[in-house]
Amino acid sequence: MYTPKKTQSEEGAIRMFANLAMAGKPPMAGPLELHVCAYVPVSASWSKKRQADCLAGRAFPVGKPDADNYGKLVMDAMNSIVYVDDAQVVSAVFHKRFSDRPRIVVVVKPKIPNV
């Protein structure tokens, strides 16, 4: 398989932040729940009104990349750091939002069975 250079670079950045967040703790065990929110930039070429709508949450980024692509990138990058294997993720939610501060926010927590 071939992984594009840009993807390798993005995975490297995610791995770096994942290591910082884990602060030396071992990877999580058991079933996990994952929440990923990708905050993407607003195009500078858009009108001021459209930009304001995007930043106010009245519009959503419906273009590429897909929300699940961000999720896959994050899940692959965090293997052996946050969890032993991304197969442990049994529940996942992916969001895309506009922001003037592009970033990816990730929350991973144990999945508690419904009793």
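Within segment 78-96, track down each residue that is more than 10 Å from the chain's Cα centre (by Cα), hydrophobic (A, V, I, L, M, F, W, C) and buried (at least 17 other Cβ atoms within 10 Å of the Cβ).
78, 81, 82, 89, 92
What pairs come up if the first residue lies in segment 46-57 and is within 14 Å of residue 99 (Cβ to Cβ), the second is surrounded by 10 or more Cβ atoms within 10 Å (Cβ to Cβ) and of a type in the set (A, V, I, L, M, F, W, C), and their beta carbons are under 7 Å apart, counting only those six or more places apart or on different chains? Every condition considered, the pairs that remain are 51/42; 53/59; 54/42; 54/98; 55/42; 55/98.
Note on segment 60-89: residues that are free of Cβ contacts under 8 Å to residues at least 40 places away in the same chain and of a type in the set (S, T, N, Q) amount to 2. Residue 106 fulfils the conditions (1) within 13 Å of the chain's Cα centre (by Cα); (2) assigned to a helix (DSSP H, G or I); (3) not aromatic (Phe, Trp, Tyr) except for a single criterion, (2). Counting only residues that are buried (at least 18 other Cβ atoms within 10 Å of the Cβ), closer than 19 Å to residue 106 by Cβ and either at pLDDT 95 or above or touching a helix residue (DSSP H, G or I) at 6+ places or on another chain (Cβ under 7 Å) (or both), segment 51-77 holds 5 of them. Remark: residue 77 falls outside the filter, which requires a residue to be of a type outside the set (Val, Ile, Thr) and over 18 Å from residue 26 (Cα atoms).
The values are calculated or read from the model by the stated rules, or taken from the named source; none is laboratory data. Remember, predicted model here, so these are calculated numbers, not experimental data. Here Cβ is always computed from backbone atoms with ideal geometry, including for glycine, and neighbour counts include all displayed protein chains.
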